[in-house]
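Report on one structure; see the data block that follows.
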Amino acid sequence: MRNSKPFVLTADREAASSAPAAPVAGASSEHEIPEAVTGYSDEAREDMADDGISEADVERVLTAARNQEAGVEVEWEDDGYWEIEFQDIDIDITPEGMVLEADR
């Protein structure tokens with residue numbers, strides 16, 4: 001995870017570092033957290049099956065990140081995707097909504 005910029009959203013919803021923030025409604029940027037999942041890589045599907053993660057679980061993690069819920073960890077990777085962790089589920093997702101990995 002070289003050149004990544006981690007941040008943790010706290011209960012008062014302030015970022016703990018200078019990583020790109022979740023977008024404001026109507027904003028446009030290639031680094032925005034996507035609004036929805038648009039698809040899953042084969043690796044993500046395999047991870048989900050192995051770890052008992054449903055599509056609804058992945059959507060819940062994404063929603064938590066977009067709503068800046070307490071306890072969600074969001075990190076932009078310079079390889080062009082978001083790494084989001086919430087309630088023991090970790091997803092890697094592109095700004096376009098493609099889930100690259102999903103595991104516990």
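So how many residues does the range 40-94 have that are in contact with a helix residue (DSSP H, G or I) (Cβ under 9 Å, 6 or more places away or on another chain), of a type in the set (D, E, K, R) and farther than 16 Å from residue 104 by Cβ? Number of matching residues: 1. Looking only at the range 95-104, residues that are touching a helix residue (DSSP H, G or I) at 6+ places or on another chain (Cβ under 8 Å) and either assigned to a loop (DSSP other than H, G, I, E, B) or surrounded by fewer than 19 Cβ atoms within 10 Å (Cβ to Cβ) (or both) come to 3 in all.
Could you tell me whether the range 26-43 includes any residue that is modelled with pLDDT under 95, aliphatic (A, V, I, L, M) and not in a helix (DSSP H, G or I)? Yes, the range 26-43 contains at least one residue that is modelled with pLDDT under 95, aliphatic (A, V, I, L, M) and not in a helix (DSSP H, G or I). Remark: pairs (first residue in the range 64-77, in contact (Cβ under 8 Å) with a residue 12 or more places away in the chain; second residue among the β-branched types (Val, Ile, Thr) and assigned to a strand (DSSP E or B); Cβ separation under 6 Å; 6+ apart in sequence or on different chains) = 65/74; 65/84; 73/8; 74/84. Within the range 36-59, track down each residue that is more than 13 Å from residue 98 (Cβ to Cβ) and exposed (fewer than 15 other Cβ atoms within 10 Å of the Cβ). Once the filter is applied, which keeps residues that are more than 13 Å from residue 98 (Cβ to Cβ) and exposed (fewer than 15 other Cβ atoms within 10 Å of the Cβ), the range 36-59 yields 46, 49, 50, 51, 52, 54, 55, 56, 59.
Within the range 62-87, the residues that satisfy the criterion of being over 14 Å from residue 98 (Cα atoms) and in a helix (DSSP H, G or I) are 63, 64, 65, 66.
The values are calculated or read from the model by the stated rules, or taken from the named source; none is laboratory data. This is a predicted model, so every value here is computed, not measured. Quick reminder, even Gly has a Cβ in these numbers, built from the backbone with ideal geometry, and neighbours come from all protein chains shown.
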